[in-house]
Amino acid sequence: GEIGFLDNVPRDGYYYAYESNWGCCRQVNCCNSSLPWPEGKCWTCCPAQRHSPCTYNVNHTIIAYRTRDFQAWESLGALITPAMRNPGTVFVPRVIYKARDQRYMMWFENYNATNPDPAKPGLVSYSIAVSSSAAGPFTLVRDGPSNSAQFACGTVQGDFDLFTDDDGEAYIIRTHYSSFCVGRLAPGYLGGTGDTASLPARDVQIAGHPPGD
């Protein structure tokens, strides 16, 4: 699955890795070319993965590990399980620290459960869980389809990251092929303010394929 990292050394001495655990999924490798990217055209296998019953299953968990030295790792087990959330496919767990009330905010994509609200075009949505510790336990406070974290960055979900600035302001950076959308989060980090900016992607352009991000 996908992994998000948190540097929590100033608070408890640990680095944390949060991963969307796809269980029994086997590694997908459908690229036989020895040519470098993009000449090898390995990206052509991606559509086949999208229809995999494993990749888009609803049994994913979010697991976590922590380490002090990137050599010895401690497993923290499953922090988010299917029983805790609405049915959907979990991608991209990201955790940031909210200093004003000493809480850890985990955003993740619960695909299908948090699709955009048709009544609110221009919004995309994600799930959020909160904890007083980077190690958990986490409690869901936003989880679709009617109670998702929303922000104005296009009309579809996508891979993203979170960033907390030195002044306590937090931002979400979402990718969608040809551009990045940067959105300012509200003070509670539970959604967007509507304040956004768009930045063009700088990836290699491939004929017949959407620009990368």
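Any residue at all in region 17-37 that's within 29 Å of R142 (Cβ to Cβ), exposed (fewer than 13 other Cβ atoms within 10 Å of the Cβ) and modelled with pLDDT of 65 or more? Looking through region 17-37, at least one residue is within 29 Å of R142 (Cβ to Cβ), exposed (fewer than 13 other Cβ atoms within 10 Å of the Cβ) and modelled with pLDDT of 65 or more.
For region 91-135, taking the residues that are modelled with pLDDT under 95, among the hydrophobic types (A, V, I, L, M, F, W, C) and over 21 Å from Y171 (Cα atoms), the one that is least open to solvent (accessible area, probe 1.4 Å) is identified as A113. Considering (1) at pLDDT below 90; (2) outside any loop (DSSP other than H, G, I, E, B), the lone condition that I172 does not fulfil carries the number (1). The residues of region 136-169 that are surrounded by 14 or more Cβ atoms within 10 Å (Cβ to Cβ) and either of a type in the set (A, V, I, L, M) or not in a loop (DSSP other than H, G, I, E, B) (or both), listed by number, are L140, V141, R142, A149, Q150, F151, A152, F160, D161, L162, T164.
The values are calculated or read from the model by the stated rules, or taken from the named source; none is laboratory data. Owing to the predicted nature of the structure, the values given are computational and were not obtained by experimental measurement. Cβ coordinates were reconstructed from backbone atoms using ideal geometry, including for glycine residues, and neighbour counts include every protein chain displayed. Ligands, DNA and RNA are stripped out before the accessible areas are found, and what is left, the full protein with its side chains, is counted by its heavy atoms. Shrake-Rupley method; radii C 1.70, N 1.55, O 1.52, S 1.80 Å.
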